[in-house]
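Below is one structure; the comments refer to it alone.
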Amino acid sequence: MGLDEVKISRAIIESYSAKLIKALDADAAIVGGGPAGMVCGYYLAKAGKRVVLFERKLSIGGGMWGGGIMFNEIVVQEAAKRILDEFGIKTRLYEKNYYLSDSIEAVSTICSKAVKAGLTIFNLLSAEDVLIRGKKVCGLVLNWTSVEMAHLHVDPITTRAKAVVDATGHPAEVARIIEKKSGIRLKTKSGKITGEQSMWAEVGEETIVKNSKEVCPGFYVCGMCANAVFGGPRMGPIFGGMLLSGEKVAGELIKKI
Ligand code: 48F
């Protein structure tokens, strides 16, 4: 049986186009495929929501692959262990309240379970702007990462979503775009992005969950981005807060959309 290269190409183009067209109108659009974004996408998909995630890089996983200083182990505290258990990720007790996991197993398993639950992930696409109507965030403006990297003058495309979730980590990229361009007052103390504080794992892990919520109509933050927007410390290679934060925003959205 012969194999036709053009048929292979047509199959990919047709299938990808259909997938992208379907993603143009979603219940939730998540920007960033780090641990927080993927966990958020997993719970939304599991609840039957039409959810799509856009990741700038070739590979999903964000800052989780590298553990701490490229030692590919992560630490998770007691309060979040149940999420690793739900995904079926192995944990080892180090000391009371300190569990260890292999970061490669953690990223690959979260991604696999999220996709199998129904999350559609697009890699190599970057969010460069948002769609706002009547002071409500209602979609994303996307371009190929390669266009962004090469500084090519190519116009983007636009997607619509009932809710947009910023899970871009430390840079809080979508929130910064909204702050800069929209004139919408954010639900922070100053109405602007507060900014991330220096390392304090215990406080950061608490505030990240508290800060994972709606920032302005139609727009939510989770993961490190939540502490960047509402002001909270970074926490290094402890990942329980990221998991709990993604779960929390998914829970709020499941009730709302
Ligand atoms: O940075 P990242 O892993 O965010 P997170 O889920 O987790 C943070 C931890 O990894 C770590 C930490 C633990 O103490 O602080 O840093 O909050 O994942 C963010 C993802 O978003 C992508 C980026 O490539 C990364 O994979 N990203 C960032 N900006 C954009 C984007 C954008 N404009 N469009 C698409 N993807």
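The values are calculated or read from the model by the stated rules, or taken from the named source; none is laboratory data. Everything numeric in this text was worked out from a predicted model, so none of it was measured. Heavy atoms of the whole protein, side chains included, go into the accessibility calculation; ligands, DNA and RNA do not. Shrake-Rupley method; radii C 1.70, N 1.55, O 1.52, S 1.80 Å.
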For the chain, what is the accessible area per residue in Å² when the probe is 1.4 Å? 51 Å²
Among the lysines, which have Cα under 17 Å from the Cα of Lys96 when same-chain residues fewer than 8 positions away are ignored? Lys81
Per DSSP H run of at least 4 residues, take -39500 (n - 2.57); add these up for the chain, divide by its residues and hand me the 222 nm value, nearest 500 deg cm²/dmol. -12500 deg cm²/dmol
Compute the whole-percent fraction of alpha carbon pairs in the chain spaced more than 34 Å apart. 16 percent
Taking all protein chains as present, what is the carbon and sulfur share of the accessible area of the chain, in % to the nearest whole number, probe 1.4 Å? 59 percent
If you wrap a convex hull around the C-alpha atoms of the range 1-140 and split its volume per residue, what is the figure in Å³? 173 Å³
So who's got an amide H within less than 5 Å of the one on Gly68, skipping anything under 5 residues away but keeping other chains? H placed 1.01 Å off N, in plane. Glu73
Entries in Lys7/Lys256; Lys22/Lys136; Lys46/Lys136; Lys192/Lys255 that, when Cα-Cα distance is taken, lie over 32 Å: Lys7/Lys256
